[in-house]
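Asker: Quick one: this structure, given as structure tokens, is what I'll be asking you about.
Just so you know, all these numbers are worked out from the coordinates, no wet-lab data involved. Every value quoted in this text rests on a predicted model; they were computed, and no experiment measured them. Methodologically, a virtual Cβ is constructed for each residue, glycine included, from the backbone with ideal geometry; neighbour enumeration extends over all protein chains shown.
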Amino acid sequence: MRELYYLTDEQRAIRDLAREIAREKIAPVAAYHDETESYPEEVMKFLAQQGMMGIWVPEAYGGTDAGAMGVSLVAEEIAWACAGTATNWGATPLGGYPILLAGTEEQKRRYLPRLAAGEILAAYSLSESAAGSDAAALQTTAARKGDRYILNGSKLWCSNGSHAGVITLFATVDRSKGAKGITAFLVEPGFPGFAVGKKEKKMGIRASPTVAFHLENCEVPAENRLGAEGEGFKIAMRTLDFTRPMTGATAVGVAQAALDAAVGYARERRQFNQPIAAFQGVQFMLADMAMQVHGARLMVHHVASLVDRGAEGTSLESSMAKCFAADAAMRVTTDAVQVFGGAGYTREFPVERFMRDAKIMQIYEGTNQIQRLVIAQQLVGRL
Ligand code: COS
């Protein structure tokens, strides 16, 4: 594929460094961490050493300020090698972006430099057992008591939550107010009353821990409230507008990896005295896969460039990019398994992992049904 002419030299340099790390350090251990469901500790440390944790952070707080495009480029490259590692990496911009959006100067100075350096990682905790797609229905409570808030409840499905030094966690100060009661807090795992709960056993992205949190009279200093009481839902949604393109980019990375593997295998594998790539049926599959990957990437880059130009209200383009890219990844990885035939169904080849990993892209950061709902609401309004 031809070079993407619209990238700046800086964006190309960031992408090329991420590509090198992904191919040399991450790809060789991806199958191991998938198989053993273990945390890629060394890889995460290396990403931090190479300055990859701070690309979304402004220079004033120690980052490289590469914006949504930088985040998308890096997410794609890491996901090409290991979608679980990309999820661990992406949890920090996801958990940290609310600080950029709504943090006080003091909060920014306290957390952003450490996040940029990779000294601590972040996570984002919105979901609960009864509040998945219906995020505003969350039940975890926060009650002000003097100079602190007391939080009670349980959160679910937090990516990289067990390894985060700060978690942007959403609770309600008044359940009767629905979305308008939701408030964001910066919770540290050492706060009294905070505990990490069970780690899910998952189909894919097994290098990424997905955990529950339990808050039992958890004490959060009032200075760790992010934004005003009741502003949390909007902070949560605006953050997702920023990070859904990153999820789309993760899906593009997995899809590109599946396409690369399928092309390589189709050229090598011989049946009926010729490489299977010589059959038009296989060629058409590969051509459709390539168009899906390319289209998804362009949608992701389009919304990333909108965000970086300071466009207001990118929900439509963010949801389109996330939804299209995730569906593309599911289709492309499924077809890659088909091109590999029986071999693709075994764990000797990576395409079955890509297919399992792609599935979560249609679910996390808002299911693709929720994305379609957001898109439709932008088209026809609220009826
Ligand atoms: N940016 C800013 N404000 C937003 C917003 C956005 N992208 N989306 C919604 N809001 C505001 C609305 O404008 C509304 O404000 P007002 O009451 O002042 O008008 C408020 O938030 C409530 O919005 P809405 O009524 O649309 O909320 P719903 O309860 O209907 O929920 C969906 C909206 C379904 C889109 C939301 O719950 C959602 O995204 N769910 C999926 C959650 C998710 O992605 N989970 C995974 C995340 S963890 S990785």
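Asker: Among LEU100, LEU7, GLN139, whose Cα projects farthest towards the positive end of the dipole of the chain, with charges put on the beta-carbon of Lys, Arg (+1) and Asp, Glu (-1)?
Answerer: So the residue we want is GLN139.
Asker: Placing +1 at every Lys and Arg Cβ and -1 at every Asp and Glu Cβ, with all other atoms neutral, what dipole size does region 109-235 have around its Cα centre, in debye to the nearest 20?
Answerer: Roughly 220 debye, rounded to the nearest 20.
Asker: So what are the ³J(HN,Hα) numbers for region 200-208, from phi and the Karplus equation (6.51, -1.76, 1.60; θ = phi - 60°), rounded to whole Hz, Gly and Pro as x?
Answerer: 3J(HN,Hα) across region 200-208, in whole Hz: 5, 9, 10, 5, x, 5, 6, 7, 10.
Asker: Related question: How would you order 213-220, 103-110 from highest to lowest mean count of nearby Cβ atoms within 10 Å?
Answerer: Highest mean packing first, the order is 213-220, 103-110.
Asker: Between ALA195 and GLN378, what FRET efficiency follows from the Cβ-Cβ distance if R0 is 51 Å, with the result rounded to 0.05?
Answerer: Efficiency, from the Cβ-Cβ distance: 0.80.
Asker: State, in angstrom, two size descriptors of region 169-209 derived from its alpha carbons: Rg to one decimal place and Dmax to the nearest whole number.
Answerer: 14.7, 39
Asker: Counting only helical runs of four or more DSSP H residues, what would the 222 nm mean residue ellipticity of the chain come to if each run contributes -39,500 (n - 2.57) and the total is spread over all its residues?
Answerer: -17500 deg cm²/dmol, from helical runs alone.
Asker: Region 2-62: percent of C-alpha pairs farther apart than 15 Å?
Answerer: Tail fraction, whole percent: 61.
Asker: Could you please report the charge total around VAL339, scoring K, R as +1 and D, E as -1 over all other residues with beta-carbon less than 12 angstrom from its beta-carbon?
Answerer: Summing Lys and Arg as +1 and Asp and Glu as -1 gives -2.
Asker: Here's another thing I want to ask about it. Size of the dipole of region 1-149 about the Cα centre, Lys and Arg at +1 and Asp and Glu at -1 on the beta carbon, nothing else charged, in debye to 20?
Answerer: Its charge dipole is roughly 480 debye.
Asker: Let me ask something additional. With just the Cα atoms of region 256-304, tell me how far they stretch along each of the three principal axes, in Å, largest first.
Answerer: 46, 17, 8
Asker: For region 179-185, what does the Karplus curve 6.51 cos²θ - 1.76 cosθ + 1.60, with θ = phi - 60°, yield as ³J(HN,Hα) per residue in whole Hz, taken in order and with x for Gly and Pro?
Answerer: The phi angles translate into 4, 6, x, 6, 9, 9, 9 Hz.
Asker: Right, here's the next one. Between ALA321, TRP89, ILE363, whose Cα lies farthest towards the positive end of the dipole of the chain when Lys and Arg beta carbons carry +1 and Asp and Glu beta carbons carry -1, centred on the Cα centre?
Answerer: In the chain, that residue is ILE363.
Asker: With no solvent and one equal point scatterer placed on each C-alpha of region 123-229, evaluate the Debye formula and give log10 I(q)/I(0) for q = 0.16, 0.19, 0.21, 0.24 Å⁻¹, two decimals.
Answerer: Taken in order of the listed q values, log10 I(q)/I(0) reads -0.64, -0.89, -1.08, -1.36.
Asker: Another question, then. May I ask for log10 I(q)/I(0) of the chain at q = 0.07, 0.08, 0.11, 0.15 Å⁻¹, from a Debye sum over the Cα atoms as equal point scatterers with solvent left out?
Answerer: With no solvent term, the Cα-only Debye profile gives -0.30, -0.40, -0.74, -1.33.
Asker: Okay, next question. Any idea what the alpha-carbon Rg over 2.2 N^0.38 Å comes to for region 9-121?
Answerer: 1.04
Asker: I would also like to ask the following. Could you quote the convex hull projected area for region 233-380, Cα atoms only and averaged over all directions, in nm²?
Answerer: Mean projected area of the Cα convex hull: 9.6 nm².
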